[in-house]
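Have a look at the structure below before the remarks.
The values are calculated or read from the model by the stated rules, or taken from the named source; none is laboratory data. Bear in mind that the values here come from a model prediction, so they are computed numbers and not experimental data. Cβ: placed from backbone, ideal geometry, glycine included. Neighbour counts: every protein chain shown. Accessible surface areas use protein heavy atoms only, side chains included; no ligands, DNA or RNA. Shrake-Rupley method; radii C 1.70, N 1.55, O 1.52, S 1.80 Å.
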Amino acid sequence: MGSLPPLQDLPSPPSIKPPRISETTLLNLFKSQQDHLNYFFQNLDLSQALSFTQTLLNSRGTIFFSGVGKSGFVANKISQTLVSLGIRSSFLSPLDALHGDIGALSSSDVIVLFSKSGSTEELLRLVPCVRAKGVYLISVTSVSSNALANACDMNVHLPLERELCPFDLAPVTSTAIQMVFGDTVAIALMGARNLTKEQYAANHPAGRIGKSLIFKVKDVMKKQDELPICKEGDLIMDQLVELTSKGCGCLLVIDDEYHLLGTFTDGDLRRTLKASGEAIFKLTVGEMCNREPRTIGSEAMAVEAMQKMESPPSPVQFLPVIDHQNTVIGIVTLHGLVSAGL
């Protein structure tokens, strides 16, 4: 039996270079997609788009969206956009609809069916069932004279030059124009319904936009036992614990009626120590505090507090919160605002 050759004598496997794409190739793809989208914009029938938008605006029921595959994802996303604008909308899976979910439909509803070809079997099976419920049917397709368009009450044709895919198969341009069309209509509905910024924010309470339009100073401020307070006659060195333990980086200097007299910060402490040395042991907070601090009211928007902190001549890390009688009722800190998601 022959012996195996030494390991070092075995031929090395051929090196495989990882695939790469050139900048020129990528740029050309973006330009091609831009051309395909321009074709859509230049050939869209605005009268169809207007009729579609007006129909959704006039709907007294729920606007349902449906589709299969990539078109289904687009339909679902557009439905979610309408919901975020306070418009009654929902996505209806064509498969689930045929197994009971069609019970959600009523004669006052509208259903929008997204399909590039207009020959999607699942949607064609759904049409007669939806029609039996008295629902108004709209198809959104990109192929002319298709079966789905002929079966619906209204059709919107989305002009498609071709897919960006080299085989003209992968739905990448067709879904892009579906999304552009649906989202543009959503914004048109937003404007027609006179949706205010505050109403929009109320539908997005967890997002930064919503928080900036909903949260007030009173919602994020520290109060009562959380406040780092002292009197103007208190010695600075006696208030070090109060200065450092409340996590505000300052002391709120008040009188017996809780009126704000000034503020003393950890920065003031460092400057006083540098300038006074051992004399700091005899200095009172009132002697070294800032008598004209920036303040804010509890009903102001939290985002306004952040803007005030960052305003010239120099940024600050906190704002005392006072009422109309200059009484301290809280403190809002930059850390607190950031922690709240603003």
Looking only at region 274-317, filter to residues that are open to solvent by less than 50 Å² (accessible area, probe 1.4 Å) and among the hydroxyl-bearing types (Ser, Thr, Tyr); which one of those is farthest from residue 336 (Cα to Cα)?
276
Residue 253 fails exactly one of (1) without any contact (Cβ under 8 Å) to a residue 60 or more places away in the chain; (2) surrounded by fewer than 20 Cβ atoms within 10 Å (Cβ to Cβ), namely (2)
Matching residues in region 288-331 - criterion: being of a type in the set (Asp, Glu) and part of a loop (DSSP other than H, G, I, E, B):
292, 299, 323
Conditions first: (1) among the polar types (S, T, N, Q); (2) open to solvent by less than 50 Å² (accessible area, probe 1.4 Å); (3) not in a loop (DSSP other than H, G, I, E, B). Residue 106 passes all but one, so which condition is the exception?
(3)
Exactly one of 169, 124 is surrounded by fewer than 20 Cβ atoms within 10 Å (Cβ to Cβ), out of contact with any Leu (no Cβ under 8 Å at 6 or more places or on another chain) and aliphatic (A, V, I, L, M), and that residue is 169
Out of 111, 78, report the one residue that is open to solvent by less than 20 Å² (accessible area, probe 1.4 Å) and in a strand (DSSP E or B).
111
Can you work out which of the residues in region 15-58 that are more than 26 Å from residue 83 (Cα to Cα) and among the β-branched types (Val, Ile, Thr) is least open to solvent (accessible area, probe 1.4 Å)?
25
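Among the residues of region 128-145, what is the count of those that are without any contact (Cβ under 8 Å) to a residue 40 or more places away in the chain, part of a strand (DSSP E or B) and surrounded by fewer than 22 Cβ atoms within 10 Å (Cβ to Cβ)?
Final tally of qualifying residues: 1.
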